[in-house]
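Here the structure comes first, spelled out in C-alpha cells, and everything after it is commentary.
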Amino acid sequence: MWKKTTFSVGGRAKPAGGFEMYSWYFMRISGVVLLLMALGHLFIMHVYFNVDEMVNWDGVGAAEFVKQRFEGIGWRAYDFILLTLALFHGLNGIKWLVDDYVHSKCWRLFLVSAIYTLAFIFYVVGSIFLFSYNA
Amino acid sequence: MKVTYKILRFDPEKDKKPYFKDYDVEVEPTDRILDGLNIIKWYQDSTLSYRRSCAHGICGSDAMEINGVNKLACKVLIQNVGSHITIKPIRGLRVIKDLIVDMEPFFEKYRSIKPYLINDDSLPTHERLQSVEDREIFDDTTKCILCASCTSSCPSFWWNSMYLGPSALVQAHRFIFDSRDHGADERLEIVNDLNGIWRCRTIFNCVDACPREIKITKAIEELKRALLHKHL
Amino acid sequence: MHLDLTHLGKKVLDEKLPDITDFVRTYLGIDPSVNPVPIQPTAHYTMGGIPTDVDGRVIMDEKNTPLPGLYAAGECATVSVHGANRLGTNSLVDLVVFGRRSGKHAALYVKNTDFIPLPKKPEDGIQATISDLYSGTGTESVAKIRLELQNDMMDNASVYRNQKMLINAKNKLLELKKRYKNIALGDKSKQFNMELFEALELGFLLELASVLVESAVNRTESRGAHYREDFSKRDDTNWLKHTLAYKAGDKIDFRYKPVVITKYLPKERKY
C-alpha cells in the first residue's frame, strides 16, 4: 500500500527553514561553550576561590565574595549565559525524550508545554536574582 | 554437530502471542544459520516461515535477530555463533508471520528520498562519465542491499517509527554525493526534518548490524555537514 | 581444484572483486590475497528461455509474432545477443540495454492500448491448482522431490551430457512428476504460506526440467553451454536454429526458429 508521506510529527507539513538543523547546530556549538564555561565556573568557585571553605567559616565570607563578584556586569553576564545555556541544554534533552517516547498528540502538547513553562519559570527567577541582586 | 535453534514463532491465524519453539538440528560447523533453518523447514516443520532468496548476502531478504544482533542468516556461520541459536524477527516492523515482517514502512521511507537518478540535462550521446575520485566519495553507500538490518536495529526507529531510519539516509547519501545526479538539494531538504536526519542520535547500532560493513553513522554525519554547508 | 588469486594483491581484490572476495572470507574463512581458493561448479546464471525480440516483446512462434503486452528482460529472457552461451557481462547487456528497451516499449504500448476484456473467471486455473495443493493428502514432500530433482539434473543434464544420461533424466522426471501429484503440504495456513509457494515452484521446475532435458535429447550437436559427449561438434547445417517448446497436455511439442545471421558468424569459443 503505497502512500506519499512527509515524515513530520503529527502530520503537519514540514516546517520551512529547517529549524531542526539550526537547533542541532546551536546545541553543538553552545555545548562546547557551555562545557568551557561550566569548567571555568567550577575552577573559580571551587578551586581558585574555595567557596565551600568560606561557607565553613560562618557564611559571611561567601556572601562577601559573591557581593564582590557581582559588583561589575562581567560576572553577572557570565552567570547569565551559563544559566541560559544550561537551561537550553537541559530543556533540549527532555524535549528529545518526549519526541522519542511520546507519540500521543495530547500528551505531547501537555508535556512540551510543561517543559517550556518550567523552563520559563526557572529562567525568570534566575534572571531576576542575577540582575536585581543587591548586597 | 548438533545445535539447538530457539525460534520465535507466530502464526496470525492461530496464535494470540508469539512463542519460542526449539528445534534440534544436525549441521556442519561451516554451515550458515540459513542452512539450519532450511533443514528445519524442509525436513522437520514445514510451517516455519522466513524470507530468503540468494543465500549469499546479496539480495538482503533474510535479515533476522540472531542471538540478539541483527544479521543476515546467510552470512553467519554456525561455528561463529555456537550451539545455542536464538532467532527472532527484526524489530520495529510489524510481524506478519514467524520471521517475516511487514517491510512496507521500510520501503516507503526508501522511496521518499527519491532513490533514482535526477538529472534534467538533455540526454547525453554517451555515458555520463565520472572520475575515480568522484566515485570514491559515495562508494561505501552504494553497497547497501536494503536488508533493513540497520533500520530495525536503531533505537531511534524503535521509539518512533516515523523516523526515516539509517537505511533511507544511506540511500540518500548514495545519490546526494553522486556527481552525475542533480537532485541533491531536493533530497537534502527531504532529510532535513525532525523525523529525518535529526533523529539520529549516533548510537552506532546500525554500523554493528550492517552486513555490508557500511560506515552508516559516518554517512549520516556527512549529510548533516552537507546541510550545514548549504544553509550557513 | 584451486584458484590462485594471490598475485593480484589485497588492494586489487578488495576494489575490483569485492563481492567474491567477501564470499571467500565469509564462507571459507580464507583470505584470497594470501591463500588459493578451492573452487567447484555452481549454477551461476539462468540462461533464460523466454524468446523475445530486441524490444523485450515475448514472441510466440518461428515468425517472431509478439504476444501483445507480455515483456521479458534479464535472466528469464532470451534475446540471443551472444549466441548459445553465457559469456562474462552478458547479464549487464540484459539489464542496461534490454531492460531499458523493454521498459520504454512497454510504456509506449500501455499508452496506446486500452484494456482488453478479461476472460470469464481468469483466476479459475490457478485457484484450482492451489486448492489441489491444499487438499493433497499424499505421502510425498516438496523438499524431498526437489532435492532428487536437483541431484538428478546435476548428474544427468549438466553442461556435459549424452544420450544415456539424458534418457535417465527423462525417466527420472517422469517418476518425479508422478510423485509430485502425491504431495501433501504440512502448512495449511493462508498467509505467507512459503511451503505452498515452494510447491507451486516445484511444479514449474519439473515442467522446465522436462523442456530442458527433452530439447537436449533432440539437439544432436554441441553448442554453447550444451555439450553432447556423443555429438561433440557444432552442426550448423542441421542445428543453426532456436528450439521453441509448446505445452501440449502432458507432452511437449518442439518447433524450431531459424537463426538469422547478420554481421557476426557463429564461431568456436577459443578461451
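Among the residues of the stretch B:30-41, is there at least one that is modelled with pLDDT under 95, over 28 Å from B:Ser167 (Cα atoms) and either among the small types (Gly, Ala, Ser) or not assigned by TED's automatic domain parsing to the domain that holds B:Ala209 (or both)?
yes
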request  = Examine the stretch C:76-83 for a residue that is more than 14 Å from every other protein chain (Cβ to nearest Cβ), of a type outside the set (A, V, I, L, M, F, W, C) and over 17 Å from the mean Cα position of the chain (by Cα), and state whether such a residue exists.
outcome  = no
inquiry  = I'd like the full set of residues that are farther than 22 Å from A:Asp100 by Cα and either exposed (fewer than 15 other Cβ atoms within 10 Å of the Cβ) or not assigned by TED's automatic domain parsing to the domain that holds B:Arg51 (or both), limited to the stretch B:84-94.
reply    = B:His84
ask   = Is it true that C:Phe197 is surrounded by 12 or more Cβ atoms within 10 Å (Cβ to Cβ) and touching a residue at least 24 places away in the same chain (Cβ under 8 Å)?
value = no
request  = Hey, can you tell me all the residues within the stretch B:12-71 that are in contact (Cβ under 8 Å) with a residue 60 or more places away in the chain and within 8 Å of chain C (Cβ to nearest Cβ)?
outcome  = B:Pro12, B:Gly57, B:Ile58
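Of all residues in the stretch B:100-140, count the ones that are under 13 Å from B:Ala168 (Cβ atoms) and either within 14 Å of chain C (Cβ to nearest Cβ) or aliphatic (A, V, I, L, M) (or both). Can you show your working first?
Our first condition is that a residue be under 13 Å from B:Ala168 (Cβ atoms); within the stretch B:100-140, this holds for B:103, B:105-115.
Within this subset, residues satisfying the condition of being either within 14 Å of chain C (Cβ to nearest Cβ) or aliphatic (A, V, I, L, M) (or both) are B:103, B:113.
So the count comes out to 2.
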message = Name the residue that is nearest to the other protein chains (Cβ to nearest Cβ), counting only residues in the stretch B:145-156 that are crowded, with 23+ Cβ neighbours inside 10 Å and under 26 Å from B:Ser53 (Cα atoms).
response = B:Cys154
message = Going through C:Ala77, C:Ala72 one at a time, which residue ends up being surrounded by 13 or more Cβ atoms within 10 Å (Cβ to Cβ), at pLDDT 95 or above and of a type in the set (Gly, Ala, Ser)?
response = C:Ala72
query = Does C:Lys144 satisfy the criteria of being more than 14 Å from chain B (Cβ to nearest Cβ) and either modelled with pLDDT of 95 or more or part of a helix (DSSP H, G or I) (or both)?
reply = no
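One residue is enough: does the stretch C:56-76 have a residue meeting the conditions of a type outside the set (Lys, Arg), closer than 30 Å to C:Met1 by Cβ and not in a loop (DSSP other than H, G, I, E, B)? Let's see the steps before the verdict.
Taking the stretch C:56-76 and keeping what is of a type outside the set (Lys, Arg), we get C:56, C:58-62, C:64-76.
Of the ones still in play, those that are also closer than 30 Å to C:Met1 by Cβ are C:75.
Narrowing further to those that are not in a loop (DSSP other than H, G, I, E, B): none.
No, every residue in the stretch C:56-76 fails to be of a type outside the set (Lys, Arg), closer than 30 Å to C:Met1 by Cβ and not in a loop (DSSP other than H, G, I, E, B).
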ask   = If a residue has to be within 16 Å of B:Leu8 (Cβ to Cβ) and of a type in the set (A, V, I, L, M) to count, how many in the stretch B:20-45 make the cut?
value = 3
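Every residue, every condition in (1) modelled with pLDDT under 85; (2) more than 14 Å from every other protein chain (Cβ to nearest Cβ), yes or no:
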{"position": "A:Pro15", "(1), (2)": "yes, no"}
{"position": "A:Gly18", "(1), (2)": "yes, no"}
{"position": "A:Tyr22", "(1), (2)": "no, no"}
{"position": "A:Ser30", "(1), (2)": "no, yes"}
{"position": "A:Gly72", "(1), (2)": "yes, yes"}
query = Looking at the stretch A:74-92, is at least one residue closer than 30 Å to B:Phe157 by Cβ, within 14 Å of chain B (Cβ to nearest Cβ) and in a helix (DSSP H, G or I)?
reply = yes
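The values are calculated or read from the model by the stated rules, or taken from the named source; none is laboratory data. Quick caveat, the model's predicted, so the values are computed rather than measured. Virtual Cβ from ideal backbone geometry, glycine too; neighbours counted across all protein chains shown.
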